[in-house]
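J.: The structure that follows is given in the form of structure tokens.
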Amino acid sequence: MQHWLIKSEPHKYSWEKFNQEGRTFWDGVRNYQARNNLKAMQKGDLVLYYHSNEGKEVVGVAKVVKEAYQDPTTKDTNWVVVDLVPLETLPKPVTLTQIKADERLQNIGLVKQGRLSVMELKPEEFDRVVELANN
């Protein structure tokens, strides 16, 4: 199993709306590295959900339930989506400031490649963010 982080601006698609809907396809990715990360996702992989721009915090955990397929919002075959379901809201959001200050997360993609919207995480990075949310 792999671990990932996805970003969404809360005013465009919030964690709360995702929970209300119960399932979504993750569309709108128009960066080749992020697209390649979507293509690498496998059913059952865990995903941290990050509110970007407003809040700048990890707020929940989701799961991949359908692997990459053609993005239905475009005819351009370069772009794909995956289906996600929400698993749990974190007890406390984990802010970007907390992540940057944590010596165990110094190399996390969220810090190193801040503009990338879909990124792989090491299992220990995923676990550390969840640990911070529970403290």
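J.: ³J(HN,Hα) across segment 71-81 via Karplus (A = 6.51, B = -1.76, C = 1.60, θ = phi - 60°), whole Hz, x for Gly/Pro?
T.: Using θ = phi - 60°, the values come out as 5, x, 8, 8, 8, 5, 6, 6, 10, 10, 9 Hz.
J.: Taking N as the number of residues in segment 64-135, what is its alpha-carbon radius of gyration divided by 2.2 N^0.38 Å?
T.: Compared with the compact-globule rule of thumb, segment 64-135 sits at 1.35.
J.: Once phi is turned into ³J(HN,Hα) by the Karplus curve 6.51 cos²θ - 1.76 cosθ + 1.60 with θ = phi - 60°, what whole-Hz value does each residue of segment 83-99 show in order, with x for glycine and proline?
T.: Going residue by residue, I get 9, 10, 10, x, 9, 7, 7, 5, x, 9, x, 10, 7, 4, 4, 4, 5 Hz, with x marking Gly and Pro.
J.: Related question: Would you mind checking the tilt of helix 123-134 against the longest principal axis of the Cα atoms of the chain, expressed as 0 to 90 degrees and rounded to 10?
T.: 60
J.: What are the ³J(HN,Hα) values, in whole Hz, obtained from phi via the Karplus relation 6.51 cos²θ - 1.76 cosθ + 1.60 with θ = phi - 60°, for each residue of segment 40-50 in sequence order, with x given for Gly and Pro?
T.: Calculated HN-Hα couplings, in order: 7, 5, 10, 3, x, 4, 9, 9, 7, 9, 10 Hz.
J.: On to the next question. List every residue whose amide H lies under 5 Å from the amide H of Asp71, counting only residues 5 or more places away in sequence or on a different chain, with H placed 1.01 Å from N in the peptide plane.
T.: When sequence neighbours closer than 5 places are left aside, the close amide H contacts are Trp79, Val80, Val81.
J.: Test of understanding: what is the full-extension gain from Glu103 to Glu131, defined as 0.36 nm times their sequence separation minus their Cα-Cα distance?
T.: So the chain would gain 8.7 nm between Glu103 and Glu131.
J.: Leaving out same-chain residues fewer than 8 places away, which aspartates and glutamates sit with a Cα under 18 Å from that of Lys17?
T.: Lys17 reaches Glu9, Asp27, Glu54, Glu57, Asp83, Glu88.
J.: Taking amide H atoms as placed 1.01 Å from N in the peptide plane, list the residues 5 or more away in sequence, or in a different chain, whose amide H sits under 5 Å from that of His3.
T.: When sequence neighbours closer than 5 places are left aside, the close amide H contacts are Leu121.
J.: Of (i) 51; (ii) 12; (iii) 23, which is the value of percent of Cα pairs over 27 Å apart derived from the coordinates here?
T.: This structure yields the entry labelled (ii).
Each reported figure results from applying straightforward, stated rules to the coordinates on display, with no laboratory input. Keep in mind the model is a prediction, meaning the values are calculated, not measured.
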